[in-house]
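Written below as C-alpha cells is the structure these notes are about.
What follows draws every value from the coordinates through simple rules; no lab data is involved. Here the structure is a predicted model, which means the values were calculated and not measured.
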Amino acid sequence: MNIHVGLEFLITGQDGERRADAWQMRSEFFDLRPEDGDALREFLDKWGHWYEPGEKPSQQWHKEKSGGRSPWSGLEEHRTGTLGFIRALAGDPPPPDPPESEIWKEQDRLKRALLDPVEEWLTGSRLAFEARPEYPHFYIGARSISKALRATVTLDLLARVKHRLCARKDCRKPFKVESKHSRRFCSQYCGHLESVRRGRREKKRAKRRQK
Ligand SMILES: [Zn+2]
C-alpha cells in the first residue's frame with residue numbers, strides 16, 4: 001500500500017508567500033555547526049520564522065522572557081501533541097525565534113530521531129492533515145521552519161526511509177540510505193576530505209618509519 005501525502009512549506013517574504021522545499025531546508029539545517037551563530041542567522045533569514053503564526057512555544061525560556069505571564073493566556077488553549085505548542089488565533093504573527101541554544105538542541109533531537117528506533121519519535125507525534133482537490137489530496141501545511149523540519153522527520157519515518165550518520169567525525173550529518181551498497185559519507189565532499197586525510201596520515205606514518 002502506497003499512500004501519498006504532501007508537505008507544503010510556505011515562506012512568507014516581502015512579495016507574499018512562496019513554496020519551498022522542506023527537505024532542502026532540513027539538509028541545510030543539518031549542515032550548520034552548533035558554534036556557528038552567523039550561519040544560523042543567515043539560515044533563518046533565508047527560510048523564515050522558527051514558529052508558526054499564532055503558536056505559543058511551551059518552552060521554559062519563553063515563559064521567562066515574557067515575565068511568566070503569557071500574552072496568550074486569555075485565549076482558550078489547545079495542545080497539539082506533535083509540537084507541544086498551544087495554538088492561539090490563526091493569523092497572529094509568529095512568536096519571536098527561540099534562543100540559539102534551543103535551536104541547537106532541536107537540531108540534535110531531529111538528527112537522532114532519524115537514526116533512533118522509530119517509536120521514540122512517532123509515539124510522541126500527532127499529524128494534522130489538510131485536504132484539497134489537487135493531488136496530493138492530503139497534506140501538511142507548514143509556515144514555519146520548526147513545523148516543516150518535524151514534518152519531514154515524521155514523513156521519512158512513516159515512509160521507512162533509512163538514514164545513516166556520515167562517517168566523517170566532524171560532519172556527522174544523517175543521510176538517506178538509498179541502496180544496499182553501503183555508503184559511509186553523506187556527500188562526495190566528505191568522502192573526498194576523508195580520503196585526503198587518510199592519505200596524509202599514511203604519509204606521516206611512512207615518514208616516521210624512515211627515520
Ligand atoms: Zn558528511
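Run the reach check for Lys204 against lysines, Cα to Cα strictly under 27 Å, same-chain hits fewer than 8 apart removed. What comes back?
Lys169
Can you give the three extents of the C-alpha atoms in the range 127-194 along their principal axes, from longest to shortest, in whole Å?
Over the range 127-194, Cα extents along the principal axes are 48, 27, 17 Å.
In terms of Cα to Cα distance under 23 Å, which lysines are near enough to Lys211, apart from those fewer than 8 places away along the same chain?
Lys203
Each residue of the range 122-133 in turn: what ³J(HN,Hα) in whole Hz from Karplus with 6.51, -1.76, 1.60 and θ = phi - 60°, glycine and Pro shown as x?
Along the range 122-133, the couplings run 6, 5, x, 10, 9, 10, 10, 9, 10, 10, 7, x Hz.
If you wrap a convex hull around the Cα atoms of the range 104-156, how much volume per residue is inside, in Å³?
81
What list of ³J(HN,Hα) couplings, whole Hz, do you get for the range 2-16 from phi and the Karplus terms 6.51, -1.76, 1.60, once you set θ to phi - 60° and write x for glycine and proline?
10, 10, 9, 10, x, 10, 10, 9, 10, 10, 8, x, 5, 9, x
For Lys173, which lysines qualify as cross-link partners when the Cα separation must be under 23 Å and same-chain residues fewer than eight apart are set aside?
Lys46, Lys105, Lys111, Lys147, Lys162
What's the center-to-center distance, using Cα atoms, between the range 134-167 and the range 169-211 in Å?
29
Hey, any idea what the orientation-averaged projected area of the convex hull of the range 162-211's Cα atoms comes to, in nm²?
Averaging across all directions leaves 4.0 nm² for the Cα convex hull.
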